[in-house]
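The values are calculated or read from the model by the stated rules, or taken from the named source; none is laboratory data. Owing to the predicted nature of the structure, the values given are computational and were not obtained by experimental measurement. Because the Cβ atoms are built from the backbone with ideal geometry, glycine has one as well, and the counts that use them run over all protein chains shown. These accessible areas exclude ligands, DNA and RNA; they are computed on the full protein's heavy atoms, side chains included. Shrake-Rupley method; radii C 1.70, N 1.55, O 1.52, S 1.80 Å.
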Amino acid sequence: MYQTENDLPLRRRAEMNALMNLRLASAVDLQMQMKQAHWNVKGPNFIGLHELFDKVDEAVESYVDMIAERIVQLGGIAEGTVRVAAAHSRLSEYPLVTVDGAAHVEAVARALSTFGQEARATINEANALDDADSADLFTEVSRGIDKWLWFVEAHSQATK
Ligand SMILES: [Fe+2]
């Protein structure tokens, strides 16, 4: 940990950063999974899904940035490489052979849901460490993930 005048106690900052580095790993993985879907989706809903998955990627990129910069603000080192993400992400492997829109909608919804659950849990973990700002950050992230999950799932809900 780097020295900082930030008044949160060192032990709490270190604990929060360890949690946030795990969330960062999943967020980096999620971002590339959204690109994977954006690049490979095919079928009658191609253009809508292609553009939607790119919008989700852009939003997730901003979450990655927010989480990484919060870690550094608290005196830590953001562990944001693809190799660290691959080692620590909680997301399931994205199915590489997925082609049609419905299968991508399902895979993307699963990835968003997994990360959303992680983000929501982190709100409580941050509150337990008296870090209201990190709790606020993950509240914003999980609210955003819930919105994107709605955008994606709306493609499959009308048929049920
Ligand atoms: Fe693109």
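Worth a mention:
- For the peptides 39-49, 133-143, 105-115, residues were scored by their other Cβ atoms within 10 Å and the scores averaged per peptide; the highest-first order is 105-115, 133-143, 39-49.
- Counting only heavy atoms of the protein chains and using a 1.4 Å probe, residue 54 has close to 40 Å² of accessible surface.
- Peptides 77-85, 58-66 ranked from most to least packed, by the mean per-residue count of other Cβ atoms within 10 Å: 58-66, 77-85.
- Calculated mean residue ellipticity at 222 nm for the chain: -26500 deg cm²/dmol, from DSSP H runs with n ≥ 4 weighted as -39500 (n - 2.57), summed, divided by the residue count and rounded to 500.
- Computed over protein heavy atoms with a 1.4 Å probe, the carbon and sulfur contribution to the accessible area of the chain reaches 53%.
- Length gained on full extension, residue 3 to residue 106, computed as 0.36 nm times the residue gap minus the Cα-Cα distance: 32.6 nm.
- In the context of the full set of protein chains, residues of the chain present 55 Å² of accessible surface per residue (probe radius 1.4 Å, heavy atoms only).
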